[in-house]
Amino acid sequence: MSLPKPIETLWNELQAVRAEVLGEVEGLGQRQADWKPSAKDWSVGEIIDHLTAAEVATGKLTTKLTKEAGAAGTLAPWPGDLTALAPLPPDPPGPADAPEVVRPSPGKALGELIATMKATRERSRQSVEKLATVDPRTLRFKHFRLGDLDLAQWWELQRRHDAIHLAQIRDVKRAAGFPKA
C-alpha cells in the first residue's frame with residue numbers, strides 16, 4: 001500500500017530505530033539478556049519485552065479508536081492537504097514509571113522475545129496502513145504523561161520510545177560487569 005508522505009516518513013523512522021534495537025540484541029546470549037546493572041534497572045530482555053508490549057498497546061489503540069469513530073460515523077478519511085504530522089510534546093522531566101500494562105516480565109527466552117518483537121512489527125504495519133487512510137487528528141486518546149495525543153502522535157511516540165530504550169540497551173551493554181557471553 002502506498003502511504004501518504006507523512007506516514008511513509010513515520011514508518012521509515014519506526015523501521016530504522018527498530019533495526020538498531022534488533023542490531024543491539026541479536027547475537028546476545030540468554031545470560032546477557034537477563035543481566036541487570038543493578039536491582040532497579042531493567043535487563044536487555046526486559047527492555048525488549050517492554051517495547052513489544054508498548055507497540056502491541058499502540059496497535060490495539062489504533063483498532064479501538066478507528067472502530068469507535070467508525071461506529072459513531074465520525075471516521076474521517078486522510079486529508080489530502082495534511083503534509084506534516086503534529087509534533088509530540090516534550091517529555092516531562094525525570095524518569096517515567098511504566099504503566100502496568102507495559103511492564104516487562106523477567107527471564108523470558110531472548111529468542112522468543114526477538115521473534116515476538118518482529119511479529120508485532122509485522123502486525124503494526126497493518127495498523128500504520130489503517131492510520132494512512134484516516135485523519136489522525138480526529139482520533140485522540142490521553143497518554144498518562146504527555147496528555148491528549150492524536151493517533152499519529154501515538155505512533156511517533158512509539159518511535160521515540162524505541163529510541164529512548166535503544167540508548168538504555170546500549171547503556172546496559174556498556175555497564176561494568178556486563179557478561180561477555
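Table for the structure above
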item	result
Scan of the range 66-86 for residues that are in contact (Cβ under 8 Å) with a residue 24 or more places away in the chain, farther than 25 Å from A53 by Cβ and of a type outside the set (G, A, S), ordered by number	T74, L75, P77, W78, P79, L82, T83
Where a residue in the range 95-114 is under 15 Å from I47 (Cβ atoms) and its partner, wherever it lies, is exposed (fewer than 13 other Cβ atoms within 10 Å of the Cβ) and among the aromatic types (F, W, Y), with Cβ under 9 Å and at least six apart	A96/F144
Out of A33, A54, A71, sole residue that is part of a helix (DSSP H, G or I), of a type in the set (G, A, S), surrounded by fewer than 18 Cβ atoms within 10 Å (Cβ to Cβ) and modelled with pLDDT of 95 or more	A71
Number of positions in the range 135-181 that are in contact with a Lys or Arg (Cβ under 8 Å, 6 or more places away or on another chain) and within 15 Å of H50 (Cβ to Cβ)	2
Conditions (1) surrounded by 14 or more Cβ atoms within 10 Å (Cβ to Cβ); (2) under 15 Å from L51 (Cα atoms): number failed by R123	(1)
Residue count, the range 71-100 (criterion: within 24 Å of S2 (Cα to Cα) and charged (D, E, K, R))	1
Conditions (1) more than 14 Å from the chain's Cα centre (by Cα); (2) modelled with pLDDT of 95 or more; (3) under 24 Å from T63 (Cα atoms); number of the one not met by W155	(1)
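The values are calculated or read from the model by the stated rules, or taken from the named source; none is laboratory data. Since this is a predicted model, take the numbers as computed values, not measurements. All Cβ positions, glycine included, derive from the backbone under ideal geometry; neighbour counts span all protein chains shown.
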